[in-house]
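The values are calculated or read from the model by the stated rules, or taken from the named source; none is laboratory data. Source: prediction; values computed, not measured. Heads up, the Cβs are rebuilt from the backbone with ideal geometry, glycines too, and the neighbour counts pull from every protein chain shown. Quick note on the areas: whole protein, heavy atoms, side chains included, nothing else; ligands and nucleic acids left out. Shrake-Rupley method; radii C 1.70, N 1.55, O 1.52, S 1.80 Å.
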Amino acid sequence: MTNAARDELKGKVLSLKDLVGYQKGTIASRMIVSNPAGNITAFAFDEGEALSEHTAPFDAVLTVLEGRAEITIGGLPNHLETGETIIMPANIPHAVLATTRFKMALTIIRG
């Protein structure tokens, strides 16, 4: 999404889960806000799709918008469903697995 397209979202009431659609066998994403201070991205995971274990230099806030997922942080699995949020701490390995089709919002604040 271009900056102009993101700017068109400003000042409007949004349903984050409606900003990204499911795609069979993959993960779709749409960046909603992106600037030097951080970003907000909406994701749609087909069932069984995953982000493999990785680390990030900043805390990340994951909110499940629809469906269910397993979020593993530091080797410990967490089972989340619609409306639940988890903070993935900086520099701690984490992974995401869609146990059903699910959508999430990911917010990262840098610094």
For residues in the stretch 28-49 being of a type outside the set (Gly, Ala, Ser) and in contact with a Leu (Cβ under 6 Å, 6 or more places away or on another chain), which is farthest from GLU8 (Cα to Cα)? THR41
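Per-residue answers, yes or no, for (1) more than 21 Å from ARG110 (Cβ to Cβ); (2) open to solvent by 50 Å² or more (accessible area, probe 1.4 Å); (3) part of a strand (DSSP E or B); (4) among the hydrophobic types (A, V, I, L, M, F, W, C):
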{"position": "LEU14", "(1), (2), (3), (4)": "yes, yes, no, yes"}
{"position": "LYS24", "(1), (2), (3), (4)": "yes, yes, no, no"}
{"position": "LEU51", "(1), (2), (3), (4)": "no, yes, yes, yes"}
{"position": "ILE86", "(1), (2), (3), (4)": "no, no, yes, yes"}
{"position": "ASN91", "(1), (2), (3), (4)": "no, yes, no, no"}
So, first residue on the phi > 0 side of the Ramachandran plot in the stretch 91-111, second residue surrounded by fewer than 17 Cβ atoms within 10 Å (Cβ to Cβ) and modelled with pLDDT under 95, Cβ within less than 6 Å, six or more apart or across chains; the pairs are none
Among the numbered conditions (1) surrounded by fewer than 17 Cβ atoms within 10 Å (Cβ to Cβ); (2) within 22 Å of GLN23 (Cβ to Cβ); (3) among the aliphatic types (A, V, I, L, M), tell me where LEU65 comes up short. (1)
Those residues of the stretch 28-47 that are open to solvent by less than 50 Å² (accessible area, probe 1.4 Å) and either part of a loop (DSSP other than H, G, I, E, B) or over 17 Å from MET88 (Cα atoms) (or both) come to a total of 5
